[in-house]
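As structure tokens, the structure follows; a few thoughts come after it.
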Amino acid sequence: MTCDCMTAFRCGYVSLTGRPNVGKSTLLNTVLGEKVAIVSPKPQTTRNRIAGIKNLPEAQIVFLDTPGIHKPRHKLGERMVREASDTFHDVDVVLFLVEPSEPAVGDKAILESLAGFRKPVFLVINKVDTIKKPELLPVIDVYTKLYPFREVIPISALEGDGIDRLLPALLPLLPEGPGLYPDDILTDQAERFMAAEAIREKIMQQTDDELPYSVAVEILTWKEKKDGLVAIQANIYVERDSQKGIIIGKNGARLKEIGTAARGDIEKLLGARVFLELWVKVRKDWRNDERALKDLGFE
């Protein structure tokens, strides 16, 4: 990474923080111009902290997409919330994402956890395309009475509105220094992780509201053939036999649809042809099993 000797190059970390389903992953994908985080209308989609790297002529901004902060109901949820909260200590700026409505209990709890936080916090009001502009002013008024935000920036992550104001506002708050990642890197996540997430996203899109939270994906084998084909085998874990049947579907139809859709995304990710094999297995109560969580990469 090189910099103009007349203007100091800047590089720093920015956390995307908020309740589940406020649009953190959508914002990350929009800022990067590429899909690095899976997106679903279902809350608690993001389970791991994902770094997305935005390279600009004058700076490198490392965005950390964190799990939504919520009241956990199992050990997996506890780890997700802990990972999101721990990120506060590692960043230069926090983007607190909310919906364009008065604060929910969860929003207020996050702000309480930021009490005494000495680094800049932006209030980023997402989904402003869903309301009329006059309705936004009371929301801003309520939030600014709860916390001394450095900036208040309304955006639509889905439409890309407001991003042109957000990025320039971050730059002066980043420390001077060289970039941490090469210019051609978009994320710190390995290809195997991204492939597993692509499979999980398709499951979330094709199953009902409750099932996706009981699903985990493990890449078993990854073989790159001489002809350029990448052969991938993966296990899909659920917690009950009934859930296994839901994913497989009648005569295996749903599992085939999931595999076809996921393969398309993985091929775009790798720039190569992919042969994908999926199996569905039951691992009872894996979200509360410390050994299972470790095996599945939730350290």
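The values are calculated or read from the model by the stated rules, or taken from the named source; none is laboratory data. Just so it is clear, the model here is predicted, and its values are computed rather than measured. When we count neighbours, we look across all protein chains shown, and the Cβ atoms used for this are built from the backbone with ideal geometry, even at glycine.
A few points about this structure:
- Scanning the range 201-221 for any residue that is among the β-branched types (Val, Ile, Thr), within 20 Å of Thr30 (Cα to Cα), in contact (Cβ under 8 Å) with a residue 12 or more places away in the chain and not in a helix (DSSP H, G or I) turns up nothing.
- Some residue of the range 257-266 being out of contact with any helix residue (DSSP H, G or I) (no Cβ under 9 Å at 6 or more places or on another chain), acidic (Asp, Glu) and in a helix (DSSP H, G or I): no
- Scope the range 138-162; condition in contact with a helix residue (DSSP H, G or I) (Cβ under 6 Å, 6 or more places away or on another chain) and either part of a helix (DSSP H, G or I) or small (Gly, Ala, Ser) (or both); matching residues: Leu146, Ser156, Ala157, Gly160
- Of all residues in the range 118-137, those satisfying the criterion of being closer than 18 Å to Asp164 by Cα and either of a type in the set (Lys, Arg) or not in a strand (DSSP E or B) (or both) are Asn126, Lys127, Val128, Asp129.
- So Ser40, is it among the small types (Gly, Ala, Ser) and at pLDDT 90 or above: no
- Set side by side, the residues Arg254, Arg192, Arg240 differ, and just one is of a type in the set (Lys, Arg) and at pLDDT 90 or above, which is Arg254.
- Taking (1) in the same structural domain as Ile61 (by TED's automatic domain parsing); (2) modelled with pLDDT under 95; (3) hydroxyl-bearing (Ser, Thr, Tyr) in turn, Ser156 satisfies each apart from (2).
- Residue in the range 120-145 that is farthest from the chain's Cα centre (by Cα), counting only those that are surrounded by 15 or more Cβ atoms within 10 Å (Cβ to Cβ) and within 16 Å of Val94 (Cβ to Cβ): Tyr143
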